[in-house]
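> Starting off with a structure, shown below.
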């Protein structure tokens, strides 16, 4: 029985370690400034903000031609100008609203490097299978953890 559990634990560890390694590596590289988006973090110049958040949401809805289920509105500096970024309702895309002029535009496609990190880290490449894939790997990781706990418990306390 223990021999079978050892083998199962090793196999599960190998299966689970591959996506975990990819997730960890892409997450590490994704958070390094400028590594994915080729940009730098700029301090917001609040004196240049002329558009209020509700106006930015209105501009995003006008550009999309419908009321979007916006889940986040972020103020950031992009190319030296303040922008709101409206997220939600467009899948992985977003809308940028110039916080000075109110001009709205759809986000440009990310660079190949940014797209790779984002898709690898958040499993976007899986499409509609993203959730089932994450559930399967979570289940396998739980099994691996439980077999490891059992094997350690029997190793340390089973000798007595």
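> Taking the options 135, 144, name whichever one is closer than 25 Å to residue 16 by Cα and touching a residue at least 40 places away in the same chain (Cβ under 8 Å).
144
> Let me ask something else about it. Just to be sure I understand, how many residues within segment 46-64 are part of a loop (DSSP other than H, G, I, E, B) and out of contact with any strand residue (DSSP E or B) (no Cβ under 8 Å at 6 or more places or on another chain)?
So the answer is 2.
> Moving to a separate point now. Six or more apart or on different chains, Cβ under 6 Å: which pairs go from a residue in segment 15-26 that's in the same structural domain as residue 116 (by TED's automatic domain parsing) to one that's modelled with pLDDT under 85 and part of a helix (DSSP H, G or I)? Could you list them?
Here the result reads 22/120; 26/117; 26/120; 26/121, each pair linking segment 15-26 to a residue that is modelled with pLDDT under 85 and part of a helix (DSSP H, G or I).
> Tell me, please, whether a residue that is closer than 30 Å to residue 143 by Cβ, at pLDDT below 90, part of a helix (DSSP H, G or I) and in contact with a helix residue (DSSP H, G or I) (Cβ under 7 Å, 6 or more places away or on another chain) can be found in segment 30-38.
Within segment 30-38, one or more residues are closer than 30 Å to residue 143 by Cβ, at pLDDT below 90, part of a helix (DSSP H, G or I) and in contact with a helix residue (DSSP H, G or I) (Cβ under 7 Å, 6 or more places away or on another chain).
> Give the number of residues within segment 65-113 that are buried (at least 17 other Cβ atoms within 10 Å of the Cβ) and either more than 23 Å from the chain's Cα centre (by Cα) or assigned to a strand (DSSP E or B) (or both).
Number of matching residues: 15.
> Looking at residue 126, is it surrounded by 13 or more Cβ atoms within 10 Å (Cβ to Cβ), more than 30 Å from residue 80 (Cβ to Cβ), in contact with a helix residue (DSSP H, G or I) (Cβ under 7 Å, 6 or more places away or on another chain) and without any contact (Cβ under 8 Å) to a residue 24 or more places away in the chain?
yes
> Same structure again: Looking at this structure, is residue 102 touching a helix residue (DSSP H, G or I) at 6+ places or on another chain (Cβ under 8 Å), over 21 Å from residue 27 (Cα atoms) and modelled with pLDDT under 85?
No; evaluated as a whole, the condition is false for this residue.
The values are calculated or read from the model by the stated rules, or taken from the named source; none is laboratory data. Predicted model, so just to flag it, every value in this text is computed and none were measured. Please note: Cβ atoms are built from the backbone with ideal geometry, for glycine as well, and neighbour counts cover all protein chains shown.
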